[in-house]
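Notes to accompany the following structure.
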Amino acid sequence: EAGVAQSPRYKIIEKRQSVAFWCNPISGHATLYWYQQILGQGPKLLIQFQNNGVVDDSQLPKDRFSAERLKGVDSTLKIQPAKLEDSAVYLCASSFGASGNTIYFGEGSWLTVV
Amino acid sequence: SQQGEEDPQALSIQEGENATMNCSYKTSINNLQWYRQNSGRGLVHLILIRSNEREKHSGRLRVTLDTSKKSSSLLITASRAADTASYFCAMHGSGNTGKLIFGQGTTLQVKP
């Protein structure tokens, strides 16, 4: 079974530039998550989708971050404009359902803002 | 917040020894999950324990859950150098729609 796919794996941008990350969840998984993990910390949930609807985006900095999941499959997370403090790993994850199901993570997209 | 707190933050042991990591949380949960993260990699799911379970085993892993104390522990027996990684507990709150909240993690180093 193919896992959660993410790209790009690594990205270096200057502050105030924009960046986009792409995620393809495990086939058949209705729930998709984006987490931000700053070095040395645990992952923090940015946004959760159920099919193509947003379930939770309470910790998404909406002035600069946006995410969409068109057609309820792939998802894109965008940052514009980037700040130095956005340097982190952006982890995409998916699960078959909501609470109670195992959540599977991709390898992450490493962002460095200089 | 129902974010977990993990203890210890860092643990260094010799190969063959057992490693125990603890996780405490604040509110009621549906289940608790443990993940491993090798340096520079994504999170790998290890084990899920539901709120009505007290103990689960998977290979060299043993997880316990005490809902009265709002705590869980992960025991790795007969550790190997390949177990060197960061370990995170993550909580699914009861009644929510699947939001998984992570602790800060325990960094385990197993010396050969």
Ratio of the stretch A:5-113's C-alpha Rg to 2.2 N^0.38 Å, to two decimals? 0.99
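Hull surface divided by four, with the convex hull built on the Cα atoms of the stretch B:5-111: how many nm²?
Values: hull surface 25.2 nm².
That works out to 6.3 nm².
Here are some pairs, A:Lys15/B:Lys99; A:Lys44/A:Lys78; A:Lys44/B:Lys26; B:Lys26/B:Lys99; B:Lys70/B:Lys99; A:Lys44/B:Lys56; which of them have Cα atoms lying more than 23 Å apart in this structure?
Working: A:Lys15/B:Lys99 30 Å; A:Lys44/A:Lys78 16 Å; A:Lys44/B:Lys26 17 Å; B:Lys26/B:Lys99 15 Å; B:Lys70/B:Lys99 18 Å; A:Lys44/B:Lys56 26 Å.
Violating the 23 Å limit, Cα to Cα: A:Lys15/B:Lys99; A:Lys44/B:Lys56.
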Reduced to Cα centres, the span from the stretch A:38-61 to the stretch B:47-94 in Å works out to 24
What aspartates and glutamates does B:Lys69 reach when the alpha-carbon gap must be under 16 Å and sequence neighbours fewer than 8 apart in one chain are set aside? B:Glu5, B:Glu6, B:Asp7, B:Glu53, B:Glu55
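Please report the relative contact order for chain A, taking Cα pairs under 8 Å with a sequence separation of at least 6, and give it as a percent rounded to a whole number.
Working: 287 pairs, mean separation 42.2, N = 114.
Dividing the mean separation by the residue count of chain A yields 37 percent.
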In chain A, once you exclude exposed GluC sites (Glu not before Pro) (DSSP loop, at most 15 other Cβ within 10 angstrom), what's the longest stretch remaining? A:15-114
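Among the DSSP beta bridges whose two residues both lie in the stretch A:5-113, what percent are antiparallel, rounded to the nearest 5?
Values: 33 of 37 bridges.
Of all bridge pairs located within the stretch A:5-113, approximately 90 percent are antiparallel.
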How high is the relative contact order of the stretch B:12-62, in percent, counting Cα pairs under 8 Å that sit 6 or more residues apart? 25
Beyond 21 Å, what share of the Cα-Cα pairs of the protein assembly as shown is found? Please give it as a whole percent. 55
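Take every Cα pair under 8 Å in chain B that's 6+ residues apart, average their separations, divide by the length, and report that relative contact order as a whole percent. Don't jump to the answer; show the numbers that get you there.
Working: 291 pairs, mean separation 42.8, N = 112.
Relative contact order, chain B: 38 percent.
FYI, it's all coordinate maths here, none of it is from the lab. What you see is a predicted model; the values in this text were computed from it and never measured. Here the Cβ is made from the backbone with ideal geometry for all residues, glycine too, and neighbour counts use every protein chain on show.
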